[in-house]
Amino acid sequence: MVNVKNCLFFDRPISVILNLYSNGGKKVYSSSVARDLGMAYAYTLIMLRQFEKGGLVNFEKNGRIGLVTLTKKGIKVAKGLTNLSLIFKGMKPTEEIEKFPDDEEGTVVEEIE
């Protein structure tokens, strides 16, 4: 049987976004994201740079150490991906998943439009 979710989206980029979202808005090492997901660091770094260009993550590099956080736009995308995952599992999506302290109502929607 074909998994519809895997046909619509690539698993690894989604996993990276959801991994960052699961950290509750804290800055995390890009190497720990790669390690958590069992992915090569170089591949993870390429994805994070693409997400940065798309405005989904803030990437801070201090020497060899890279710290990553989701932007407000990235949080909105992560919430949407979580809701899609619930739909594919046959569950009802939720409007409110979990708010971060800086996730003000309406600001994310304006940023995406």
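The values are calculated or read from the model by the stated rules, or taken from the named source; none is laboratory data. Note that the coordinates shown come from a computational prediction; the quantities given were computed from them, not determined experimentally. Neighbour counts are summed over all protein chains in view; Cβ atoms, including those assigned to glycine, are modelled from backbone coordinates with ideal geometry.
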Any hit, the stretch 68-89, residues being exposed (fewer than 15 other Cβ atoms within 10 Å of the Cβ) and modelled with pLDDT of 80 or more:
yes
Subset of the stretch 19-40 (residues that are surrounded by fewer than 15 Cβ atoms within 10 Å (Cβ to Cβ) and of a type outside the set (S, T, N, Q))
24, 26, 27, 29, 35, 38, 40
For the stretch 21-42, name all the residues that are in contact (Cβ under 8 Å) with a residue 24 or more places away in the chain and part of a helix (DSSP H, G or I).
21, 30, 31, 33, 37
I need every pair where a residue in the stretch 74-86 that is closer than 11 Å to residue 18 by Cβ and in contact (Cβ under 8 Å) with a residue 60 or more places away in the chain has its Cβ under 9 Å from the Cβ of a residue that is of a type in the set (Ser, Thr, Tyr) and in a helix (DSSP H, G or I), sequence separation at least 6 or different chains.
77/21; 78/21; 78/22; 81/21; 82/21
When the residues of the stretch 41-54 are filtered to those that are aliphatic (A, V, I, L, M) and touching a strand residue (DSSP E or B) at 6+ places or on another chain (Cβ under 8 Å), which remaining residue is surrounded by the fewest Cβ atoms within 10 Å (Cβ to Cβ)?
45
Tell me the residue from 111, 52, 105 that is assigned to a helix (DSSP H, G or I) and at pLDDT below 90, please.
111
So, residue 63, is that one over 21 Å from residue 13 (Cα atoms), of a type outside the set (A, V, I, L, M), loosely packed, with under 15 Cβ neighbours inside 10 Å and at pLDDT 80 or above or not?
yes
